[in-house]
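Each remark here refers to the structure printed beneath this line.
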Amino acid sequence: MTRKILVVAALLCLLSSCSDSTKSNESQTPFPDPPVFTSRNGVLELVMVAEPTPATLGSFQPTAWVFAVCKTSDAEPDNCPADSRTAAPYGGVRLQLTAGDHLRIKLINHLPPAPDDAENAHGDDPMMNEMLAANPVNLHTHGLIVEPRKADASDPTYGDYVYVLGYPAGKLPSMVMPDETATDKPIQYDIYIPKDHPSGFFWFHPHVHGLGVNQVTEGLSGTISIGSVSDYLSLPNAQASSLPVHYIVLKDMQVLAKGDAQDQLDADFCQPDPVAGETRNGSCDGADFSHSPDPGPNYTGGKWFFTVNGKQYPELSVPESTGEIWRFLNSGASRSYDLVMEDDTTHNPVQFQVVSLDGVALAPPPGSSSNQIRALTGGKVDAVPCAASNSGSAAPVCATHLVMLPSSRAEIWIAPPSSKSSTATLRTRTYTTGDDGDSWPSANLAHITFAKGSSTSSARAAAPASLPGSVAVRRVAAHMLSASGLLGAPVAAAFTGIGAAVPLHQAQLIASGKAAAGARPLTAAQIGSAQTRLADLAKPVPSIASPDCSALPAGHRRRIYFGVPSSNPDGFGLGYEEVDAGGNPVPGTFQDIAAFDADKINVCLPLASGNTPVTEEWELVNVAGETHNFHLHQTRFTVETNNAPQGDGGVLMDNVPLPTGGANCDGSVATWRSGACKVGTIRVKIPFAEVGDFVYHCHIGEHQDGGMMAHIRVIANQ
């Protein structure tokens, strides 16, 4: 939460004539795309070691935490070799997969203990202190629509399951939260990518409740790509195979004057905008807030670095003859970006086309207005008329800036600007998240050169005589939601001896002996384990929402409150109630805002008849004075808007910013009900197409670690 230093910053800027931060004698860093590990013959098998390593950031060399990655065939016992077969960059690696692949990762923890400034590992809660002090780690494959499978007696491996904690060898704690599984041995992940999984851009990061800010801030993350951009962009064949694609992973770290990384991120580390003499090329200078009206720390001599693929202010060359696809990820723990490309000659924003959000192609139906697109994307995209347009199955979405809260991904097609300028600057503008929120500082992130003749000969041959202003995008979202798509077809799960996931109704026949599992018959033990797992997947459990895991009645919706627990004015939490078809709260369902409780399941729901996906409507209400960022694992959702064209809207996301009503919103439901907190709610439709235990939460690290998270279980329909 901010200390209200915007006014102070503005005065400093006026008094000192803020400098032109694009002018600098600093040398440019060549653009570094992440190292890539690619699947072969349907499998990618890796060892990942979470470990400390020095990171070079300007004149500093703080100790970062990284995932050192190598192929399993190259690995040593519980480690990766110390040679070129291992990639361990601060910026992270990329995993290149294909739909239908099997991803196997052996995760090993070589991290040091949680740092002294890790608030939740050294706080007032003895359970959290004991559980987090040794710095456990795990993995979440963010954005993948895969099974959150937990290990059992027949299969000790995990799917995308966040309730397992991996400790360094010999550092197992004496107690953990009741919903967690703890081990000091390597964790083996076996994740089956569905054959109909959409191509797109995703990422992985730890998901240890209470250490999210610290581990992500220190650098623990990487990216995942599935398929190719040609799977959802309509391009000439030659151009599709050679169109340049760059990965732009935004990662930030605060480094104190003594050279140590600050793990508990402070949004007020530097002034929101440059002060006199300050050049902000990939960093901002730490400021002294010890003498401000609301005194804070003195960060003088420190720097806050805003890196692209782990590098400060790199140079990116765009071929004039083809343009490029850029894949953005905000991998920061808490900071948000308002991205713009500014022409260095005219200082006007450079227009680009947004072709994908959160790993799903962006293709709104024709006739969608700018306001509707803004609503459908949760304010991430302010659409503007495209300078030119190709014919295609959907209207192109063009913009001049992108709002990216933590975990957001966006893919854009960028062509040279219409002006004669040959350079531009990728920068983030100051972004404020509300009266009680944070003011995220502005900075230049990368320098761009529109280079003549820099593309490949095949790309030049494929390029049209006049480069178009947009590319055609296929309607992937509509297919995903169809009866044959990933979010509409019968739900599948993995079973020992069967291999890749199979539809639950088929698994039930196999377990009963009425169908074969494939060419190789299952053993009696495998059939028994399938029966046990099916029973476990269908087991109803009491939750805050329902005592018996019953389905929502027709026309009803869930209302989720984002705010502040009355017992902890400095904390974060979620509230709940069910609302009937008339918009009235259902008596007995209200739960006031509270921090995450590991002893409770917040929502339990069954799949639809025949174990097909069930779609629910949720109403998201932010009663706080700052923006929150709703994220739900294992699926996507659509934002409902008024008067939108018929159809799915062409926008499927896994996170959406929730607006704030301003200073009158104190974080309580009571103030919202009284009418004093006036805030627009966001309604989303969510197709649940995976069974198991997972979470929904605010994907701002400080808020999530502070308690704004909830446990959800989806069970099979008996």
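The values are calculated or read from the model by the stated rules, or taken from the named source; none is laboratory data. Everything quoted here is computed from the prediction, not taken from an experiment. FYI the Cβ positions are ideal-geometry reconstructions off the backbone, even for glycines, and counts take in every protein chain you see.
Structure above, values below:
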read-out	value
Residues being in a loop (DSSP other than H, G, I, E, B), of a type outside the set (Ser, Thr, Tyr) and either under 24 Å from residue 409 (Cα atoms) or modelled with pLDDT under 95 (or both) - total across region 174-209	16
Given (1) assigned to a strand (DSSP E or B); (2) farther than 30 Å from residue 191 by Cα, index of the condition residue 630 fails	(2)
Failed condition for residue 307, given (1) of a type in the set (Ser, Thr, Tyr); (2) within 30 Å of residue 93 (Cα to Cα); (3) part of a loop (DSSP other than H, G, I, E, B)	(3)
Cβ pairs under 7 Å, 6+ apart, first in region 283-299 and in contact (Cβ under 8 Å) with a residue 24 or more places away in the chain and more than 23 Å from residue 312 (Cβ to Cβ), second of a type in the set (Val, Ile, Thr) and in a loop (DSSP other than H, G, I, E, B)	289/5; 292/5
Cross-chain or 6+ apart pairs with Cβ under 9 Å, region 476-504 first and closer than 17 Å to residue 610 by Cα and without any contact (Cβ under 8 Å) to a residue 24 or more places away in the chain, then of a type in the set (Phe, Trp, Tyr) and crowded, with 17+ Cβ neighbours inside 10 Å	502/495
Test: residue 656 is in contact with a Lys or Arg (Cβ under 9 Å, 6 or more places away or on another chain) and part of a strand (DSSP E or B)	yes
Considering residues of region 680-711 that are of a type in the set (Val, Ile, Thr) and touching a His at 6+ places or on another chain (Cβ under 8 Å) only, the residue farthest from residue 164 (Cα to Cα)	700
Filter result (within 25 Å of the chain's Cα centre (by Cα) and not in a strand (DSSP E or B)) within region 553-564	564
Which numbered condition residue 174 fails, given (1) touching an Asp or Glu at 6+ places or on another chain (Cβ under 9 Å); (2) crowded, with 21+ Cβ neighbours inside 10 Å; (3) farther than 17 Å from residue 67 by Cα	(2)
Which numbered condition residue 231 misses (of (1) crowded, with 21+ Cβ neighbours inside 10 Å; (2) out of contact with any helix residue (DSSP H, G or I) (no Cβ under 7 Å at 6 or more places or on another chain); (3) among the charged types (D, E, K, R))	(1)
Some residue of region 359-370 being surrounded by fewer than 23 Cβ atoms within 10 Å (Cβ to Cβ) and modelled with pLDDT of 95 or more	no
Qualifying positions in region 669-693 - surrounded by fewer than 20 Cβ atoms within 10 Å (Cβ to Cβ), assigned to a loop (DSSP other than H, G, I, E, B) and not hydroxyl-bearing (Ser, Thr, Tyr)	675, 676, 678, 679, 680
Options 640, 616: the member that is at pLDDT 95 or above and either over 20 Å from the mean Cα position of the chain (by Cα) or of a type in the set (Asp, Glu) (or both)	616
Meets criteria (buried (at least 24 other Cβ atoms within 10 Å of the Cβ), at pLDDT below 95 and assigned by TED's automatic domain parsing to the domain that holds residue 242) for residue 333	no
Members of region 247-298 found to be in contact with a Ser or Thr (Cβ under 6 Å, 6 or more places away or on another chain), of a type in the set (D, E, K, R), under 27 Å from residue 410 (Cβ atoms) and assigned to a strand (DSSP E or B), listed by number	251
Residue match in region 491-505 (condition: part of a loop (DSSP other than H, G, I, E, B), modelled with pLDDT of 95 or more and not polar (S, T, N, Q))	yes
Residue in region 135-153 that is without any contact (Cβ under 8 Å) to a residue 40 or more places away in the chain, over 26 Å from residue 707 (Cβ atoms) and not polar (S, T, N, Q) present	yes
Filter result for the condition that a residue is at pLDDT 95 or above and aliphatic (A, V, I, L, M), over 265, 250	250
Test: residue 522 is buried (at least 19 other Cβ atoms within 10 Å of the Cβ), out of contact with any Asp or Glu (no Cβ under 8 Å at 6 or more places or on another chain) and not assigned by TED's automatic domain parsing to the domain that holds residue 597	yes
Members of region 187-218 found to be farther than 30 Å from residue 481 by Cβ, hydrophobic (A, V, I, L, M, F, W, C) and over 13 Å from the mean Cα position of the chain (by Cα), listed by number	187, 208, 211, 213
Any chance residue 580 is among the acidic types (Asp, Glu) and closer than 30 Å to residue 125 by Cβ	no
Pairs where the first residue, in region 336-362, is under 26 Å from residue 485 (Cα atoms) and the second is hydroxyl-bearing (Ser, Thr, Tyr) and in a strand (DSSP E or B), C-beta under 6 Å, 6+ apart	362/356
Residues of region 665-693 classified as without any contact (Cβ under 8 Å) to a residue 24 or more places away in the chain and farther than 30 Å from residue 613 by Cβ, total	6
Residues located in region 52-65, provided they are under 13 Å from residue 310 (Cα atoms) and in a loop (DSSP other than H, G, I, E, B)	55, 56, 58, 61, 62
Every residue from region 602-612 that is assigned to a loop (DSSP other than H, G, I, E, B) and more than 23 Å from the chain's Cα centre (by Cα)	607
Exclusive hit being assigned by TED's automatic domain parsing to the domain that holds residue 437 and either closer than 20 Å to residue 425 by Cα or assigned to a loop (DSSP other than H, G, I, E, B) (or both), set 383, 399, 375	399
Residue match in region 694-713 (condition: within 21 Å of residue 375 (Cα to Cα), in contact (Cβ under 8 Å) with a residue 24 or more places away in the chain, part of a strand (DSSP E or B) and hydrophobic (A, V, I, L, M, F, W, C))	yes
